[in-house]
Amino acid sequence: MLRTTLLKSEKGQSMVEFALLLPILILILLMIIEGGLIFGGYLELQNAARDGARYASVHTDKQDQTSINTYITGKNFIIVDKSNLVQPIGFTKMTNAQGTVLTVTLTYKYPIITPIIGGIIGDEDDESKLTVITSATMRGE
């Protein structure tokens, strides 16, 4: 009678289930946080590229690589670190029948905070970074 009572006891079952699921829940939480930071950085880079393209389209005398690099690196970024911005910033100027088309391309090596997530989504050459590329195109005025 005593033996069947010990085998049917479920006192530690919920603790064992929680211990098994806790690492998975923490990983999901970290992925959500990391994804939010990456998306916020992407939006900030997209706005900087659009701002650079607008600057080049308005200032016809400053439509060159050096001016765009100086303008974008002089901006204040909140989420991204300027030191991880790949230099030189991509800038192309094409003239067609409708006028001049200016494109600014930013490449950023985003540092991944969580090493486990870096192994999943990181670059092949450097798992602690993720390459984020964004561009903006505007017509010259």
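When you check Arg54 against the structure, is it in contact with a strand residue (DSSP E or B) (Cβ under 8 Å, 6 or more places away or on another chain) and either over 30 Å from Ile116 (Cα atoms) or at pLDDT below 90 (or both), yes or no? The answer is yes for Arg54.
Let's see how each residue does on (1) at pLDDT below 90; (2) under 19 Å from Ser135 (Cβ atoms):
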| residue | (1), (2) |
| --- | --- |
| Leu7 | yes, no |
| Met15 | yes, no |
| Leu22 | no, no |
| Gly41 | no, yes |
| Asp64 | yes, yes |
| Ile68 | yes, yes |
| Phe91 | yes, yes |
| Lys109 | no, yes |
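Where residues in the stretch 74-113 are β-branched (Val, Ile, Thr) and surrounded by fewer than 16 Cβ atoms within 10 Å (Cβ to Cβ), which of them is farthest from Gly140 (Cα to Cα)? Ranking the qualifying residues of the stretch 74-113, first place goes to Ile113.
Run down Ile28, Ile72 and say which single residue is out of contact with any Asp or Glu (no Cβ under 9 Å at 6 or more places or on another chain) and either under 30 Å from Ile117 (Cβ atoms) or β-branched (Val, Ile, Thr) (or both). Working first, answer last.
Working: Ile72 fails: out of contact with any Asp or Glu (no Cβ under 9 Å at 6 or more places or on another chain).
Sole residue among the options that is out of contact with any Asp or Glu (no Cβ under 9 Å at 6 or more places or on another chain) and either under 30 Å from Ile117 (Cβ atoms) or β-branched (Val, Ile, Thr) (or both): Ile28.
Taking the numbered list (1) closer than 15 Å to Thr103 by Cβ; (2) of a type in the set (A, V, I, L, M, F, W, C); (3) under 10 Å from the mean Cα position of the chain (by Cα) in turn, Ala49 passes all entries but (3).
The values are calculated or read from the model by the stated rules, or taken from the named source; none is laboratory data. The structure presented is a predicted model; accordingly, all values stated were derived computationally and were not measured. With ideal geometry, Cβ positions are generated from the backbone for all residues, glycine too; neighbour counts draw on all protein chains shown.
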